[in-house]
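For reference, the structure discussed in these notes is given below.
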Amino acid sequence: MAITRDEVLHVARLARLELTDEEVGRFTEQLSAILEAVAKVSELDLSGVEPTAHPLDLANVWAEDEPRPSLTVDEALANAPDRQDGFFRVPPA
Amino acid sequence: MIDTLRLTAEEAFRLVERGEVSTAELHAAYLAAIAERDDELHAYLRTVDDPQGIPIAFKDLVSTRGVETTAGSRILAGYKPVFDATVATRCRESGMSLLGKTNMDEFAMGSSTENSGFGPTKNPWDPERVPGGSSGGSAAAVAGGLAPWALGSDTGGSVKQPASLCGIVGLRPTYGTVSRYGIVAFASSLDQIGPMTKTVRDNALLYRAIAGRDPMDSTTVELPEAVQVPDALDLKGLRVGVPKELNEAEGIEPGVNEAADRTIELCRELGAEVGETSLPRSVEFGLACYYLVAPAEASSNLARYDGVRYGLRVEGADVREMYEKTRDAGFGDEPKRRIMLGAYALSAGYYDAYYGQAQKVRTVIAQEHAAAFESFDVLVSPTSPTVAFRLGEKAENPLAMYLSDVLTIPSNMAGLPGLSIPCGLSEGLPVGFQLIGPQFSENVLFRTGHALERAIGFDVVPGRLR
Amino acid sequence: MNWEPVIGLEIHVHLKTRTKMFCRCEVEYSVPENSRTCPVCLAYPGSLPVPNRKAVEWTVKLGLALGCRIAEHAVFHRKNYFYPDNPKAYQISQYDQPMCVDGRLVVPGSEGESEVGIVRAHLEEDAAKNVHLGSAQGRIAGASATLVDFNRAGTPLVEIVTRPDLRSSEEARRFLQLLRQTVVELGISDAEMEKGSLRFDVNVSVRPSGSDELRTRTELKNLNSFAFAARAIEREVERQVGIYESGGEVEQETLHFDPGSESAPPLRSKEEAQDYRYFPEPDLVPIEPPPELIERLRGELPELPGARMQRLAAELDHDLAADLVTSGRDALYERVPGDRRAVANVLMNQFAASGVDSAAVNPDELGKLIEARSRIPRDRLIEALAASGEPDFTAEGYLADGLVADTSELEPIVDRILEANPGQVEAYRGGKEGLLGFFVGQVMRETQGKADPQVVNELLRAKLTGYASGL
């Protein structure tokens, strides 16, 4: 197996995904097959090659330190699943 | 009487300018067509009442202020943006208005629109087949006479491939020429919004309306030259390259090959110089490269869907439980797979071998294409190895589904533009022809595509709807 | 066995730009929750970051002030982790290609200077603010929750990491003080711990004196003042030495202090090494500071506090030099003529006590006063210093022998002063008795310090009260 059940549980935890037992089994199989296929990239010797972080050769893109209007509090909270006054509310962290 | 199956956007603008038809009448005509045909096709997730301009449909990952935007996922069901995507604003400022939001594979992950959290879309040519993906809803809407034109998005081929399967024109622009501000992100270094239209001229018109640097998107640039709406009917002086590996890739159906070969011959007849070329590693390693880079970026881009500020929330005893339950309930299988794959590829100890290596493969792919473009102006191939496949045929096999993109992915990894035009039928279903150019060569692609389109005379109206 | 502490610092400085790091929401304290947000800092789907040019410039400036090499090619990275105050579930920060590397800050000390290496300084964004509600909200069924305010999310931060070159809690304290003053004088931050615009963590380990090994270190977090940090460091050093001397091993731990209570023992946690899955931020392009920008900023650097301390330490002892600069009185010191040590001492003691603003003082006159200080009665010196900030102050009056105590000479002067300041007289009668000092100062000025202050005091009191009772 290119990826083990434990490794699947580990990345699921990293990604905050709660998987059922069935999902863990199914995903382990599928991810193994996919990983085997993508591991193909390691067949190439690319020791002298630079990675491409961006397709375009850009640098120094930025904006002036001038304020733009912010959202109103109601706009900011418009889609909030739960709120308390002007705050977003979530279960205890 | 407005024939929504045939009307191009260019004609629609002309009719409105001449006062022969009002924009309200246009919208009404398309809404009527939607009422008639969309129950079957399910191209749309919702329509809106905004008859001010020439109608246009947006894939549901384009943020539209006050209008639900789900990116095809239940984790965003009910989410209404408080801002417009830049492309939405530019469309409005160019005289268009929203007809509706179209269906898509969840978070743009898929090649058939079967991964939508809200049910699949059907191909107007044959409703038992897929329209392609992830912009399947937009493709079906245009092909099925339910919108004059539409915006889709392309990361691994999600504009080009559905355009191919539905027999319409789709452009994946040069990376950085169309703003991603307000576009629900999948893979940031690959995503681009692309026009999906009935004709190449319409495509150029729509591209012109949306392209250009956006101060809200640091990865955009000004176009080095203005967009030209094509006119010429010949290809004199054009050097057309046929990359061996793209045209002989495993899995290309014979009918697709024949249609593509005929089109290559047509290029010669129209005056182009045609020659063979090679992209030795781009095709062989393209898929693997894409399925490392895209999921890695996606695993990070999709982490914000946590139930805190918007979208679905499933409560938990503490915030960690809330995250896990929300994300498990809200994401479908494909996003879950890609998130885990991506997290793995970025994780400590694996970064160099997987993500790091894939980013280097990207450089190799860009170099190979650049070398080919020293001798050729345009590279050609079929867009998709197959015509539209049946619903359910590849849904259970992720790797088989990924192979649908084997021809569109390589040039995407290099940030290059690609135009797909319908070039014929195979077993009664459309075949798409892919034109790839160097960065900023959209005018060449439009010119080439238009001349071919006129010569081929493909009828974009699906047989069963004529 | 002798042990030496090995201390390193990680400091976060909030840049006081008008807008946030990656969006143009205004950065403001004390405004309603979630009133300074936008799709970008709320991480709505489809939002994208655009860097603040001023923040980039100020980071280069800070790097130059710390003697760093400015990277030719700097990259933003995503640091991925889940927490409610982290809206994108990643922080845009810098990883292996930060903006500034390899600097140093020379910290003065009583035994001389020490050079503290700066490993790096990089630019990143701050998180939002969580407010944790306890379950004791008057409800039995534990209604605890976390409230989140995103006003702070996206504020520009510079993170500075030192080499573990500090060898005592005192040195750490002085380093922090000097860094803070440097950053304030550069004009890029208010660096106030109470406001949260300066935060720091400390890494502590110990080793046998003279060795160069690096043993296991613990991390001290949430220290809310330099003084408290110094004490916490000392306690931790003692604890670690105790462990080694009893044959044990120090475990890698994080000590979370309670900012609300200095005496509370820290919570200890063995934080799992987090896998942040850093990768270059695809929504941003690299920063390549143009050489012209770097040279311009280098030219704009003032003489920084550390450099001034070093310079002054050549003529004074290190502590005095450091104190002068830290207190902001070194500019005056440099302009006052006379014996350096004497001037420095008076400035840091009697002059400091007077509360007079350094900028208001005539340096030559003050110099005369200091030179003559052993010949002037102590009280008069204090009065003279108190008056030294007045625009036309001269020392001469205070240098002459003998004081005028004759009430017939002084009374008319007192009357004149009282008539000329009716507002203050009323205020005094209304209860503002501190104003007596004002009247005394006025009389002393008129008499160029020759009046006997005791007599002046008595006259004034009598007349002021007299006015009142005369009504």
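The values are calculated or read from the model by the stated rules, or taken from the named source; none is laboratory data. In this text the structure is predicted, and so the values were computed from the model without any measurement. Cβ coordinates were reconstructed from backbone atoms using ideal geometry, including for glycine residues, and neighbour counts include every protein chain displayed. These accessible areas exclude ligands, DNA and RNA; they are computed on the full protein's heavy atoms, side chains included. Shrake-Rupley method; radii C 1.70, N 1.55, O 1.52, S 1.80 Å.
Taking amide hydrogens as modeled 1.01 Å from N in the peptide plane, which residues meet the under 5 Å criterion relative to C:Ala451, leaving out close sequence neighbours?
So C:Ala451 has HN proximity to C:Val404.
Per DSSP helix of 4 or more residues, -39500 (n - 2.57); summed, then divided by the residues of chain B. What does that give at 222 nm, rounded to the nearest 500? Please list the in-between numbers first.
Working: 15 runs with 169 residues, N = 466.
Here the helix-only value at 222 nm equals -11000 deg cm²/dmol.
Suppose we take every Cα in the range B:355-466 and form the convex hull; what volume per residue is that in Å³?
Working: hull volume 13.4 nm³, N = 112.
Convex hull of Cα atoms, per residue: 119 Å³.
Going by a 4.7 Å Cβ-Cβ cut-off, which cysteines of chain C have no partner at all?
For chain C, the answer is C:Cys23, C:Cys25, C:Cys38, C:Cys41, because their Cβ atoms have no other cysteine Cβ under 4.7 Å.
Can you pull the one-decimal nm distance between simple spin-label points at C:Glu295 and C:Leu267, each 7 Å off the Cα toward Cβ?
5.4
Which value, to two decimals, describes the C-alpha radius of gyration of the range A:1-43 once divided by 2.2 N^0.38 Å?
1.19
Could I have the simple spin-label model distance between B:Ala24 and C:Asp102, label points 7 Å from Cα toward Cβ, reported in nm to one decimal?
With each label placed 7 Å out from Cα toward Cβ, I get 7.2 nm.
Distance between Cα centroids, the range C:194-213 to the range B:342-356: provide it in whole Å.
Their Cα centres are 32 Å away from one another.
Quick one: accessible surface of C:Arg69, probe radius 1.4 Å, all protein chains present, in square angstrom to the nearest 10.
140
May I ask for log10 I(q)/I(0) of the range B:108-193 at q = 0.20, 0.21, 0.26 Å⁻¹, from a Debye sum over the Cα atoms as equal point scatterers with solvent left out?
These q points yield log10 I(q)/I(0) values of -0.83, -0.91, -1.27.
Which value in Å is the Kirkwood Rh of the range C:329-400 over different Cα pairs? It would help to have the intermediate numbers written out before the result.
Values: mean 1/r = 0.0852 Å⁻¹.
Over the range C:329-400, the inverse of the mean reciprocal pair distance is 11.7 Å.
State the Cα centre-to-centre distance between the range C:309-325 and the range B:383-398 in whole Å.
With the range C:309-325 and the range B:383-398 each reduced to a Cα centre, they are spaced 78 Å.
If you average the alpha carbon positions of the range B:406-466 and of the range A:56-88, how far apart do those two centres end up, in angstrom?
With the range B:406-466 and the range A:56-88 each reduced to a Cα centre, they are spaced 39 Å.
May I ask for log10 I(q)/I(0) of the range B:1-158 at q = 0.19 Å⁻¹, from a Debye sum over the Cα atoms as equal point scatterers with solvent left out?
-1.13
Based on the Kirkwood radius over alpha-carbon pairs, what is the Stokes-Einstein translational diffusion coefficient of the protein assembly as shown at 10 °C with 1.306 mPa s viscosity, in µm²/s? Display every interim value, and only then the final one.
Details: Rh = 32.8 Å.
Here the translational diffusion coefficient equals 48 µm²/s.
Nearest 10 degrees, 0 to 90: what angle lies between the long axis of helix C:318-327 and the longest principal axis of chain C (Cα atoms)?
90
Say the cut-off is 28 Å between C-alpha atoms; which of B:Lys101/C:Lys88; B:Lys80/C:Lys54; B:Lys101/B:Lys394; C:Lys79/C:Lys221; C:Lys54/C:Lys79; C:Lys54/C:Lys270 go over it? List each step's numbers first, then the result.
Numbers: B:Lys101/C:Lys88 25 Å; B:Lys80/C:Lys54 33 Å; B:Lys101/B:Lys394 26 Å; C:Lys79/C:Lys221 20 Å; C:Lys54/C:Lys79 23 Å; C:Lys54/C:Lys270 38 Å.
Flagged as over cut-off: B:Lys80/C:Lys54; C:Lys54/C:Lys270.
What order do B:Arg18, B:Arg447 take when sorted by accessible area (1.4 Å probe), most exposed first? Could you put the intermediate results ahead of the total?
Numbers: B:Arg18 140, B:Arg447 75 Å².
So the residues, ranked largest to smallest area, are B:Arg18, B:Arg447.
Which angle between 0 and 90 degrees, to the nearest 10, do you get for helix C:169-185 versus the longest principal axis of chain C when only C-alpha atoms count?
80
To the nearest 20 Debye, how big is the dipole of the protein assembly as shown about its Cα centre, given +1 on the beta carbon of each Lys and Arg and -1 on that of each Asp and Glu?
Details: 106 positive and 155 negative charges, 237 e Å.
For this selection, approximately 1140 debye.
Taking the range C:3-297, how much of its Cα-Cα pair set, in percent, is spaced more than 31 angstrom apart? Could you put the intermediate results ahead of the total?
Numbers: 14447 of 43365 pairs.
More than 31 Å apart: 33 percent of the Cα pairs in the range C:3-297.
What value, in deg cm²/dmol to 500, does the helix sum -39500 (n - 2.57) over DSSP H runs of n ≥ 4 give at 222 nm once divided by the residues of chain A? Please list the in-between numbers first.
Details: 3 runs with 32 residues, N = 93.
After summing the helix terms and dividing by residue count, I get -10500 deg cm²/dmol.
Report the calculated FRET efficiency for C:Arg53 and B:Glu225 (r = Cβ-Cβ distance, R0 = 30 Å), to the nearest 0.05. Kindly include the intermediate steps, with their values, before the conclusion.
Details: r = 29 Å, r/R0 = 0.95.
According to the calculation, E is roughly 0.55.
Take the Cα gyration tensor of the range C:1-75, multiply each eigenvalue by 5, square-root it, and list the three semi-axes largest first, rounded to whole angstrom. Intermediate values should be presented prior to the final figure.
Numbers: eigenvalues 211, 71, 35 Å².
Equivalent-ellipsoid dimensions as semi-axes: 32, 19, 13 Å.
Would you please give the residues with an amide H less than 5 Å from that of B:Met96, counting only those at least 5 places away or on a separate chain, with H modeled from the backbone geometry?
Long-range HN contacts for B:Met96: B:Ile54.
What's the whole-number percent of alpha carbon pairs in the range B:296-344 lying beyond 18 angstrom?
On the way: 314 of 1176 pairs.
Tail of P(r) above 18 Å: 27 percent of Cα pairs.
When the chain is fully extended, how far beyond the present Cα-Cα distance does C:Asn349 get from C:Tyr81, taking 0.36 nm per residue of separation? Show your work: numbers first, answer last.
Numbers: separation 268, 0.36 × 268 = 96.48 nm, distance 5.16 nm.
Fully extending the segment from C:Asn349 to C:Tyr81 adds 91.3 nm.
Using the eigenvalues of the Cα gyration tensor, what equivalent ellipsoid semi-axes result for the range B:283-412 when each is taken as the square root of five times the eigenvalue, whole Å, largest first? Display every interim value, and only then the final one.
Details: eigenvalues 231, 79, 30 Å².
One finds semi-axes of 34, 20, 12 Å for the range B:283-412.
Hey, rough spin-label estimate for B:Asp459 and C:Glu458, points 7 angstrom out along Cα→Cβ, what's it come to in nanometres?
Going by the 7 Å Cα→Cβ label model, 12.3 nm.
Based on DSSP H runs of at least 4 residues, each adding -39500 (n - 2.57), what is the mean residue ellipticity at 222 nm of chain C after dividing by all its residues, to the nearest 500 deg cm²/dmol? Before the final figure, lay out each step's value.
On the way: 15 runs with 165 residues, N = 471.
Theoretical 222 nm ellipticity from helices: -10500 deg cm²/dmol.
Could you order B:Lys101, B:Lys122 by accessible surface area, starting with the largest, using a probe radius of 1.4 Å?
Working: B:Lys101 0, B:Lys122 55 Å².
Result, largest first: B:Lys122, B:Lys101.
Given a Förster radius of 51 Å and the C-beta distance between C:Glu238 and A:Asp45 as r, what FRET efficiency does 1/(1 + (r/R0)^6) yield to the nearest 0.05?
Values: r = 54 Å, r/R0 = 1.07.
So the FRET efficiency works out to roughly 0.40.
If you fit an axis through the alpha-carbon atoms of helix C:436-446 and take the longest principal axis of the Cα set of chain C, what angle between them do you get, 0 to 90°, nearest 10?
With rounding to tens, the tilt is 60 degrees.
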